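Step one of this worksheet: look at the structure below.
The values are calculated or read from the model by the stated rules, or taken from the named source; none is laboratory data. Only a predicted model underlies this, so the values are computations on that prediction, with no experimental measurement involved. No Cβ is skipped: glycine too gets one built from the backbone with ideal geometry, and neighbour counts run over all protein chains shown.
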Amino acid sequence: MAVKSMTAADNAAAPVPVPLTEQDLAVADRIAGTSIFLGASALLIGVTLGVMQGLEHVGINLYKYVQPWVATYYHGLTMHGVLNALVWTTFFIVGFFTYAIVRSLNRPLRYPWLNVLGLLVMVIGLLTAAVPMLTNNASVLYTFYPPMKADWSCYLGLTLVVVGSWMAGWGYFFTLYAWRKEHPGQKQPFIALTVSITMAMWQLATLGVAAEILFLLLPWSLGLVQGTDPLLGRTLFWFFGHPLVYFWLLPAYVSWYAMLPAQTGGKLFSEQLARLVFWLFLLLSTPVGFHHQYTDPGIPQAWKFLHTTITFSLAFPSFLTAFTVVASLEVGARALGGKGYFGWIRKLNWGNPSYAAQNLAMILFVFGGIGGITNASFNLNLAVHNTIWIPGHFHLTVASASTLTFFGILYWLAPALTKRKLFAPKLALAQAWTWFIGMLLMGNALHLLGLHFGAPRRTMLGSAPYASPDWNPFLMESAVGVTFLAISATLLYIVLIGTLFNKKSDVEVKMPVAEPLNPSQSIPKWLDSWTPWVFGAVALVLVAYGPMLYQLIRDIELTSPGWRVW
Amino acid sequence: MSEQTNPIEDPVVEEAQDQSAPVEGGLSEDAHLHIDKYESMWLKIAFIIMGVFFLSVIVSSFAIGIQLPGAYARIDPTTVNDPGSPFAEPGLRELAPGKYEAYYRAQIWQFTPREIHVPLGAEVSFYVTSQDVMHGFKISDTNVNVMVIPGQVSTLKHTFDKPGEYKIICHEYCGQLHHTMYAQIFVDEPTEEVASGAQN
């Protein structure tokens, strides 16, 4: 065919593809392994603190045994949020992505030093922020709203973690760009593309928090300016704060679309729509932050309403995901002999801990997603804003949909990285189920407590004078959930540490890659080109945030002095 | 462009020169988005669900009037207690029969006033600000839920139709004793004297 000869001519002009050697893989895998090891270590501390919080709510105060390491409930709560939601997630994601992109492209990292440097900057940032946090000099929770003032090194450290993750993203962009030069006219491989889209969304979103720290918090905490503007700081934080949740979620989506179907004999139902979903997240993730500020003074209702509209449109990529991913899994279950409308569900690969963990994570995400739509619903938000409903919600999203999926990924990725067998797969399976049950109970209890009683979030409820005896059955349900989670976390670390010291395995574990169900289906060009989506995302941010941010910056009043209130 | 130079060029030839001519499973200019029959149905259902939600939001906020706080006024947090500031002597004021305004000052770790009494049916406009860090202001069993941000005055209105005790709870972390920060509103049923007085 004429087409073929053209492709050959293109290839003649294109640079020769760089082969992927064992050495290249070793470099990428060392970055991945180190990053994931640090993330999982942070999670160990973070989860322990979470268990203490849940038990405090039913009157079991463990804080007196950990003095002075965890000085107060809120000292512990700050570390719980930062270590779990920021450190575990970011370090795991960077590790997972570094492993995945070189396999997806079958090409070495374009600038391995850039990815090494990125990880190094992240580690330096983590250590810098750890000092004030561990010493109770930055107990400002992971949202660090001014005018509560932490030690400057805390802000600097968190910035460096973000900058390091940017460098990791730049490393992926250069690698994908090099691959495209070597393969003109070919579609970008799905995993490499979606990894890069996630990181591009992250670059755009983190501009908000970077601006907050560099222009407001650092000069102020260093004493260069006397006051700050709390509403502007909060607005810049939420510019970043909502896309942050998609930064947690999209890596799980990468696995659900592109890997998980292969783990149960399935195929990617529609590669076209899967790509569309990721582009839509790039387009819509950022201009939605005011839905975290519905109850804020100083922001007109019209702007809040605009963000409601954009947030609602974000439900569609998730509805699409629900269909496409389930259909992809169903293809596998039916191939394995599954029958009936629902009977096929039993044929899924439930015996495999990596598969089971991720499927259970999806089930919890159904509840997380529905709750999310509630939160985004403009005035309906008044019923739940800042109540304990909200932690109930995000423990079903980041702590279940993302984190339980990451555990599932670890159950193949840890053997792949260590070249050792997974230690005690039955325990790993029990880990997935106990996490599922624990989150289901805790999530249910916290949602109800917030909705019916208005119990506040991020509060030492076991010591609150206004707590009502009516709350006790729900706090107890939550504590039972927390107990399941404590058991689950113990199992997790037994499996992971056991794997680390397990005997070397001869069987090579490979990244599961789901083939498209319809491999002859072509991809329209607009689902493979960056320009319209990147420009669209920037334009939408300018429309949804530009005028309000301009006004807040124009009217900036640096009148709030800093406070240390812990 | 090529159409102008050679308008009668054979379309098959043109396609062959196009780098993005359809390759099986590859990229294509003219490939269109294929949506499975059931997926399309599912999307329509999703569209209807979100549409109904969206309409409910519009009706409840603009027809029924359940409003969010908006931009009201700014204040220098260091001058909250200065003479002349409405927050220097916070409390309840009656504006007209049954209509009140209540000024609240939030600070670590208390609201001022700690306690107010209003008659059943009172319509109260709340004005809240903070003299230090961020706080929260949520009145139990009502739609009054607002952030208290230093430098801003938060405002919301509520009519108390049920008698009894309401709790105002600080729902934003504000430091070591955040969990002790609350205040009370008592909505009193009219005694007979007051009720007959109101009739006269």
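Only a single criterion out of (1) among the aliphatic types (A, V, I, L, M); (2) more than 14 Å from chain A (Cβ to nearest Cβ); (3) within 21 Å of residue A:559 (Cα to Cα) is not satisfied by residue B:122, namely (3). Just so you know, in the stretch B:61-113 the residues that are closer than 17 Å to residue B:154 by Cβ, away from chain A (no Cβ under 14 Å) and among the charged types (D, E, K, R) include one that is surrounded by the most Cβ atoms within 10 Å (Cβ to Cβ), and it is B:105. Residues in the stretch B:58-95 that are polar (S, T, N, Q), farther than 26 Å from residue A:380 by Cβ and in a loop (DSSP other than H, G, I, E, B): B:81, B:85.
Within the stretch A:548-566, restricting attention to residues that are without any contact (Cβ under 8 Å) to a residue 40 or more places away in the chain and not in a loop (DSSP other than H, G, I, E, B), the residue that is nearest to the other protein chains (Cβ to nearest Cβ) is A:551. Would you say residue A:378 is aromatic (Phe, Trp, Tyr), within 14 Å of chain B (Cβ to nearest Cβ), within 22 Å of residue B:181 (Cβ to Cβ) and touching a Ser or Thr at 6+ places or on another chain (Cβ under 9 Å)? No; evaluated as a whole, the condition is false for this residue.
Quick check on my filter: what residues within the stretch B:157-179 are surrounded by fewer than 24 Cβ atoms within 10 Å (Cβ to Cβ), more than 7 Å from every other protein chain (Cβ to nearest Cβ) and in contact (Cβ under 8 Å) with a residue 24 or more places away in the chain? Of everything in the stretch B:157-179, those that are surrounded by fewer than 24 Cβ atoms within 10 Å (Cβ to Cβ), more than 7 Å from every other protein chain (Cβ to nearest Cβ) and in contact (Cβ under 8 Å) with a residue 24 or more places away in the chain turn out to be B:157, B:158, B:159, B:160, B:161, B:162, B:163, B:166, B:177. Taken as a whole, the stretch A:147-165 holds no residue that is part of a loop (DSSP other than H, G, I, E, B), more than 21 Å from the chain's Cα centre (by Cα), within 14 Å of chain B (Cβ to nearest Cβ) and surrounded by fewer than 22 Cβ atoms within 10 Å (Cβ to Cβ). Tell me yes or no: at least one residue of the stretch A:455-472 is of a type in the set (S, T, N, Q), away from chain B (no Cβ under 14 Å) and in contact with a His (Cβ under 8 Å, 6 or more places away or on another chain). No, the conditions are met nowhere in the stretch A:455-472. For residue B:104, the stated conditions hold: it is within 16 Å of residue B:134 (Cβ to Cβ) and touching a Pro at 6+ places or on another chain (Cβ under 7 Å). Checking each residue in the stretch A:380-436 for being closer than 30 Å to residue B:55 by Cβ, more than 17 Å from the chain's Cα centre (by Cα) and aliphatic (A, V, I, L, M) picks out A:380, A:382, A:383, A:384, A:388. In the set (1) within 14 Å of chain B (Cβ to nearest Cβ); (2) of a type outside the set (D, E, K, R); (3) touching a His at 6+ places or on another chain (Cβ under 8 Å), residue A:286 fails one condition alone, (1).
Tallying residues that are touching a residue at least 60 places away in the same chain (Cβ under 8 Å), farther than 17 Å from residue B:39 by Cα and either over 27 Å from the mean Cα position of the chain (by Cα) or away from every other protein chain (no Cβ under 12 Å) (or both) within the stretch A:311-350 yields 6. Flag: residue A:313 does not match the condition of being crowded, with 20+ Cβ neighbours inside 10 Å and among the hydroxyl-bearing types (Ser, Thr, Tyr). Taken over the stretch A:498-531, residues that are away from chain B (no Cβ under 14 Å), part of a helix (DSSP H, G or I) and free of Cβ contacts under 8 Å to residues at least 12 places away in the same chain amount to 1. In summary, helices (runs of 4 or more DSSP H) completely within the stretch A:173-258 and bearing 2 or more residues that are of a type in the set (Phe, Trp, Tyr) occur at A:190-211, A:230-258.
Could you say whether any residue in the stretch A:80-94 is among the aromatic types (Phe, Trp, Tyr) and within 30 Å of residue A:474 (Cα to Cα)? The answer is yes; a qualifying residue exists. Could you tell me whether residue A:541 is more than 9 Å from every other protein chain (Cβ to nearest Cβ) and at pLDDT 95 or above? Considered against the rule, which asks whether it is more than 9 Å from every other protein chain (Cβ to nearest Cβ) and at pLDDT 95 or above, residue A:541 comes out as yes.
Across the stretch A:67-85, what is the total count of residues that are under 22 Å from residue A:464 (Cβ atoms) and either within 14 Å of chain B (Cβ to nearest Cβ) or modelled with pLDDT of 95 or more (or both)? Looking only at that region, the number is 12. Consider the stretch A:175-188 and keep the residues that are within 23 Å of residue A:30 (Cα to Cα) and touching a helix residue (DSSP H, G or I) at 6+ places or on another chain (Cβ under 7 Å). The one that is surrounded by the most Cβ atoms within 10 Å (Cβ to Cβ) is A:175.
Residue selection: residue A:377 fails the criterion of being closer than 19 Å to residue A:514 by Cβ and buried (at least 17 other Cβ atoms within 10 Å of the Cβ). Scanning the stretch B:34-46 for residues that are more than 8 Å from chain A (Cβ to nearest Cβ) and of a type outside the set (S, T, N, Q) yields B:37, B:41, B:44, B:45. Note on the stretch A:182-216: residues that are over 25 Å from residue A:248 (Cα atoms) and either in contact with a strand residue (DSSP E or B) (Cβ under 7 Å, 6 or more places away or on another chain) or within 14 Å of chain B (Cβ to nearest Cβ) (or both) total 6.
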